[in-house]
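Shown next, in structure tokens, is the structure this report addresses.
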Amino acid sequence: MRVPASAGELFRAFHALALQGFGGVLPVAQRELVERRRWLTQAQFVETLSLGQVLPGPNIVNMALMIGDRFFGLRGALAALAGLLAAPLLIVLIFAALYGRYAQHPAVSGALRGMGAVAAGLILSTAIKMLPTLGSNAMGRPVSVALMLATALAIGWWRLPLVWIVLGLGALAMAVAAWKLTLRAA
């Protein structure tokens, strides 16, 4: 595992990450932070993502703050956040103005639907890359996979509110993990 050389390197890394993350930055973040830069192990990435998902706000913003803080404290957290938000903010403002003008054009609406399919594929690829870490989870692979599928069904099929899914299945996951860890310790 490597450590970023400076808060400036954190800024540049998250800036580059943000510019690559069209439709979903998590697959890009996993590749950049774990595989390319080796600032985190796969297990650390999953832990950071898990915590980022239960906190309010976008997952990647929460992750940038936690990763920046891990390496350089508040200065690192602010550098990672600034890198993550600077260029995308400008791009979103430009595209929002263009979208208001061209949203009804058939080519634009078709292109946006196509991008949605690609974004779904990016998220699925991240989930597949995260599967190996389930084997080292305290709950074990079968329970982890069952909770993963229950979460996918609750969101995708039953369209339950995310807060209830996180609270309900998250509490269940914590209880099962605590129980299994207690059994191992005994």
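The values are calculated or read from the model by the stated rules, or taken from the named source; none is laboratory data. Only a predicted model underlies this, so the values are computations on that prediction, with no experimental measurement involved. In this analysis, Cβ positions are derived from the backbone assuming ideal geometry, glycine residues included, and neighbour counts consider all displayed protein chains.
Values computed for the structure shown
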read-out: Subset of the stretch 127-164 (residues that are within 16 Å of the chain's Cα centre (by Cα) and under 18 Å from residue 175 (Cβ atoms)); value: 148, 151
read-out: Long-range neighbours under 9 Å by Cβ, at least six apart or interchain, first residue in the same structural domain as residue 26 (by TED's automatic domain parsing) within the stretch 98-121, second surrounded by 10 or more Cβ atoms within 10 Å (Cβ to Cβ) and of a type in the set (Ser, Thr, Tyr); value: 103/109; 108/99; 108/102; 112/99
read-out: Yes/no for residue 172 being outside the structural domain of residue 14 (by TED's automatic domain parsing) and not small (Gly, Ala, Ser); value: yes
read-out: Per-region count, the stretch 103-149, residues touching a Ser or Thr at 6+ places or on another chain (Cβ under 8 Å) and in a loop (DSSP other than H, G, I, E, B); value: 2
read-out: Looking only at the stretch 169-182, and only at residues there that are surrounded by 14 or more Cβ atoms within 10 Å (Cβ to Cβ) and over 20 Å from the mean Cα position of the chain (by Cα), the one that is nearest to residue 53 (Cα to Cα); value: 172
read-out: Of residues in the stretch 37-72 being assigned to a helix (DSSP H, G or I) and among the charged types (D, E, K, R), the one nearest to residue 137 (Cα to Cα); value: 47
read-out: Pairs where the first residue, in the stretch 145-163, is closer than 16 Å to residue 50 by Cβ and assigned by TED's automatic domain parsing to the domain that holds residue 59 and the second is polar (S, T, N, Q) and assigned to a helix (DSSP H, G or I), C-beta under 8 Å, 6+ apart; value: none
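To keep it simple, each residue is scored yes or no on (1) assigned by TED's automatic domain parsing to the domain that holds residue 165; (2) over 23 Å from residue 114 (Cβ atoms); (3) surrounded by 16 or more Cβ atoms within 10 Å (Cβ to Cβ).
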| position | (1), (2), (3) |
| --- | --- |
| 1 | no, yes, no |
| 13 | no, yes, yes |
| 21 | no, no, yes |
| 24 | no, no, yes |
| 27 | no, no, yes |
| 31 | no, no, yes |
| 36 | no, yes, no |
| 51 | no, yes, no |
| 57 | no, yes, no |
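So that you can scan it fast, the table gives a plain yes or no per residue for (1) at pLDDT 90 or above; (2) farther than 21 Å from residue 20 by Cβ:
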site: 39; (1), (2): yes, no
site: 45; (1), (2): yes, no
site: 49; (1), (2): yes, no
site: 57; (1), (2): no, no
site: 67; (1), (2): yes, no
site: 70; (1), (2): yes, yes
site: 80; (1), (2): yes, no
site: 85; (1), (2): yes, no
site: 93; (1), (2): yes, no
